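Let me begin by presenting the structure, written as C-alpha cells, before commenting on it.
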Amino acid sequence: MEGHPRDRLERKLTLTDATLLVVASVIGAGIFFTPGRVAELLPHPGWIFAAWAFGGLLSLAGALANAELGAMFPRAGGDYVYLREAFHPLAGFLVGWLTFFAIYAGTIAALSAAFAEGIASRFGLGPTATLGCAIAVTVTVSCVNYLGVRSGAWANNLTSVLKIAALLAFVIMGPLVGEGAVERLWTSTVDASFSLSAFGLAMSPVLFTYLGWNASLYVASEIKQPGRTIPRSLFLGLGLCGLLYLLINAVYLYAIPMEALIGASDAGELAAGRLFGVVGGSVVGLFVLISVLGTLNANVMVGPRIAYALALDGLFFRGVDRVHPRYRTPANAIILQGAVAVCLLLFLRSFPRALDFTTFAILLATMADMLALYRLRFTQPDRPRPYRAWGYPVVPGLYLASTAAIALTMVWLRPLECLASASMLLVGLPFYWFFGRSAPSGPD
C-alpha cells in the first residue's frame, strides 16, 4: 500500500526536511523549562543523567518500532493509520482524535502562549495584548503552512539550523568562557534518597521534552522515498536531540549548584546568566523564543495531517480532506487546527500547566503503536516491510513495559491529569458513531 487512494498531497519532503522536522518538533522550550522539575525529583547528577539517557533510549525504542510501521504505511496520519490497519477504525480514530486535540492543538496553544508571554515580559504588554500576540502568532504560523509544504519546511529548516547552532555554541562556549564547578557533574550538595516512584514521575517532564520524535511519520505521504527516508529521519533526528540534551544538562550542572537548579523555572537563562552575565542571560532568553517559534511551526505543520487522514476515511468533519488546488496543502485541516488552538488560547490565556496531561496522552498513543506492531506481525506477516524493527520482539516489549510502568506511576501520583487525558478518548466515542455511519467497517 503506497498511499491512500484519495490522498492528493505531493511528495516534496527530503531526508533533510524530515530529519529537521523531528529536531524542530523535539527541541523547543522543554529543555529550558523542565530540567528544574527533573532536579527537584532527582537531586543528584547521576540520577539526572540516567533519566535523560533513559528517556532518549526509550524514545529510540519507540522509533525503532514506528519506523517499521511508517515504512509499511507511508500515509498521512501516523498512528491513526497503524491502529486502523491492525485492529479496527475505532481504535485508529480514538488515538487520532486524542493526538489531534490533546497533543497537537493543545501544544500549539501552549507554545503560542509561551512565546507571547516572552514577548510581553520584554515589552511590558498587558494580559489582553499578550493574548492578542498569542493568537496572532498562531494565525501567522498557520498561514505560512497554508501557503505550501515547502514554505513550511523552509521555515522549519531555517529555525532548526539556527537552534542547533545556538545550542552548540552554548554547550561549547559556556565552559570555556564562564566559571563553574566540574565536580557538580558527579556530586550533589543536596541530601536525598533515590526512589523508583520519583524516577518514574521524573520521566514525565523528560518524555515531554522528547515529544515530537515521531513527527515525520505524520507527513509520510509527502516524503520522498518514504521506505528509506522515514526510518533514517527518526534515528538521525532523535540521535542528535538526545546527544544535545545530555550535553546541555551537563552545562546546567556545571554552571548551577544543585540547590539552585532544583525547581528552576528556566534553567537555560539561569545557567547563561551565571556563565555569561546578565547580557548572556538575555540572549539565551531571546533564543528560547526562537526555539519556541520553531517548535510551534513544526507542530502546526504536523497536526493537520492527522485530521486530514481521518477525513480521508470519512471519520472527521466534511471538507477537512480538501487539498488546496494551488498550494497542495491540507488547507481546511490547517484552518481547523488553528481555530481549535485559538479557542484553547481564549480559555487558557497563559502557558498551561498541563505537562502531565500531555505526557499521559503520548504514553497512551505510543503504547497503542507497539500493540499495532505486534498485531500486524501476526496478521500480516507477508506484507512488504522496507524496514524491520531492530530487536523485535524484545525491544518493543521493553518499551511497552517501561511506558506502562511510567503511566501507572503517573496515574498513582497525578490521577486528575491522567483522568482528563483519558477522558478525551471517551469524548471521541459519540463523534465516531456520528462519522462512522458512512465510514468503512474495518481496515483495508
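The values are calculated or read from the model by the stated rules, or taken from the named source; none is laboratory data. Since we're looking at a predicted model, the values are computed, not measured. So basically every Cβ, Gly included, is an ideal-geometry build from the backbone, and we count neighbours across all protein chains shown.
Here the range 81-91 is the region considered, the condition is being over 18 Å from Leu400 (Cα atoms) and not aliphatic (A, V, I, L, M), and the residue that is surrounded by the fewest Cβ atoms within 10 Å (Cβ to Cβ) is His88. Scanning the range 220-246 for residues being crowded, with 23+ Cβ neighbours inside 10 Å, over 14 Å from the mean Cα position of the chain (by Cα) and not aromatic (Phe, Trp, Tyr) gives a total of 9. When we screen Val182, Val144, Val177, Val171 for residues that are at pLDDT 85 or above, within 22 Å of Ile119 (Cα to Cα) and in contact with a helix residue (DSSP H, G or I) (Cβ under 8 Å, 6 or more places away or on another chain), the only hit is Val144.
Against the numbered list (1) of a type outside the set (Asp, Glu); (2) within 16 Å of Phe100 (Cα to Cα); (3) part of a helix (DSSP H, G or I), Val251 comes up short only at (2).
Of the helices (runs of 4 or more DSSP H) lying entirely inside the range 20-73, the ones with 1 or more residues being surrounded by fewer than 21 Cβ atoms within 10 Å (Cβ to Cβ) are found at 35-41, 45-72.
Given the options Ala86, Ala136, Ala165, Ala120, name the one that is touching a helix residue (DSSP H, G or I) at 6+ places or on another chain (Cβ under 7 Å) and within 29 Å of Lys12 (Cα to Cα).
Working: Ala136 fails: touching a helix residue (DSSP H, G or I) at 6+ places or on another chain (Cβ under 7 Å); Ala165 fails: touching a helix residue (DSSP H, G or I) at 6+ places or on another chain (Cβ under 7 Å); Ala120 fails: within 29 Å of Lys12 (Cα to Cα).
Testing whether each residue is touching a helix residue (DSSP H, G or I) at 6+ places or on another chain (Cβ under 7 Å) and within 29 Å of Lys12 (Cα to Cα) leaves just Ala86.
A residue that is surrounded by 21 or more Cβ atoms within 10 Å (Cβ to Cβ), under 29 Å from Phe316 (Cα atoms) and at pLDDT 90 or above occurs nowhere in the range 402-424. The residue pairs whose first member lies in the range 192-204 and is at pLDDT 80 or above, whose second member is outside any helix (DSSP H, G or I) and charged (D, E, K, R), and whose beta carbons are closer than 7 Å, counting only pairs six or more residues apart or on different chains, do not exist in this structure. Restricting attention to the range 267-312, the residues being crowded, with 24+ Cβ neighbours inside 10 Å and in a loop (DSSP other than H, G, I, E, B) number 1.
Taking the criterion of being polar (S, T, N, Q) and more than 30 Å from Leu57 (Cα to Cα), the residues of the range 386-441 that qualify are Ser438, Ser441. With respect to Leu416, determine if the residue is assigned to a helix (DSSP H, G or I), out of contact with any strand residue (DSSP E or B) (no Cβ under 7 Å at 6 or more places or on another chain) and within 25 Å of Leu90 (Cβ to Cβ). So Leu416 does not fit the description; no.
Residues that are at pLDDT 90 or above and touching a Gly at 6+ places or on another chain (Cβ under 8 Å): does the range 275-285 have at least one? First the steps, then the outcome.
First, pick out the residues of the range 275-285 that are at pLDDT 90 or above: 275.
With touching a Gly at 6+ places or on another chain (Cβ under 8 Å) added as a condition, the list becomes 275.
The answer is yes, given that some residue of the range 275-285 is at pLDDT 90 or above and touching a Gly at 6+ places or on another chain (Cβ under 8 Å).
Scanning the range 251-277 for residues that are in contact with a Pro (Cβ under 8 Å, 6 or more places away or on another chain) and aromatic (Phe, Trp, Tyr) yields a total of 2.
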